[in-house]
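**Student:** Sharing a structure below in structure tokens format, with a few things to ask.
The values are calculated or read from the model by the stated rules, or taken from the named source; none is laboratory data. Please read these numbers as outputs of a predicted model, since none were measured by experiment. All Cβ positions, glycine included, derive from the backbone under ideal geometry; neighbour counts span all protein chains shown.
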Amino acid sequence: MTAAMTVPLLTASIAAMYAYAVLIGIGYGAFMSVDMALMTQVLPKTDGESTGKDLGILTTAVNIPQILSPVLAAWLLSTFHNDYRALFIAAIAFVFCGTFLVLPIKSVR
């Protein structure tokens, strides 16, 4: 996904945005499928009653950034005088930092 987000930083053409759309679609699709699979594998082994609650909490944690990102985007655009490159740079930074947040996961069941 980081590679996809660098495309608009390098060139501002319609072809580059199509390339960005394809790359980000592939990256986000892979992330979402692997993320949900990982979530189901790291849940504690229980009688099944709390599995739905646990998945709900995990899904909420995934969706909170989607709720907050428009606010952050508006702030970044106003701070950087509507320079959309700031959004892509911030997104690259968040994706890069997010890759390190999965390192504490030792293993799955």
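**Student:** Look at region 38-89 and say how many of its residues are in contact with an Asp or Glu (Cβ under 9 Å, 6 or more places away or on another chain) and either among the basic types (K, R) or over 21 Å from L101 (Cβ atoms) (or both).
**Tutor:** 3
**Student:** Among the residues that make up region 93-100, is at least one of them out of contact with any Leu (no Cβ under 6 Å at 6 or more places or on another chain), farther than 30 Å from A12 by Cβ and of a type outside the set (A, V, I, L, M, F, W, C)?
**Tutor:** Checked against the condition, which is being out of contact with any Leu (no Cβ under 6 Å at 6 or more places or on another chain), farther than 30 Å from A12 by Cβ and of a type outside the set (A, V, I, L, M, F, W, C), region 93-100 yields no hits at all.
**Student:** Further question on the same structure: Which one of I57, I105 is assigned to a loop (DSSP other than H, G, I, E, B), over 15 Å from the mean Cα position of the chain (by Cα) and among the hydrophobic types (A, V, I, L, M, F, W, C)?
**Tutor:** Being assigned to a loop (DSSP other than H, G, I, E, B), over 15 Å from the mean Cα position of the chain (by Cα) and among the hydrophobic types (A, V, I, L, M, F, W, C) holds for just one of I57, I105, which is I105.
**Student:** Can you name the residue in region 54-70 that is more than 20 Å from V95 (Cβ to Cβ) and not hydrophobic (A, V, I, L, M, F, W, C) and is also modelled with the highest pLDDT among such residues?
**Tutor:** T60
**Student:** Does at least one position in region 82-101 carry a residue that is charged (D, E, K, R), without any contact (Cβ under 8 Å) to a residue 40 or more places away in the chain and farther than 20 Å from A3 by Cα?
**Tutor:** no
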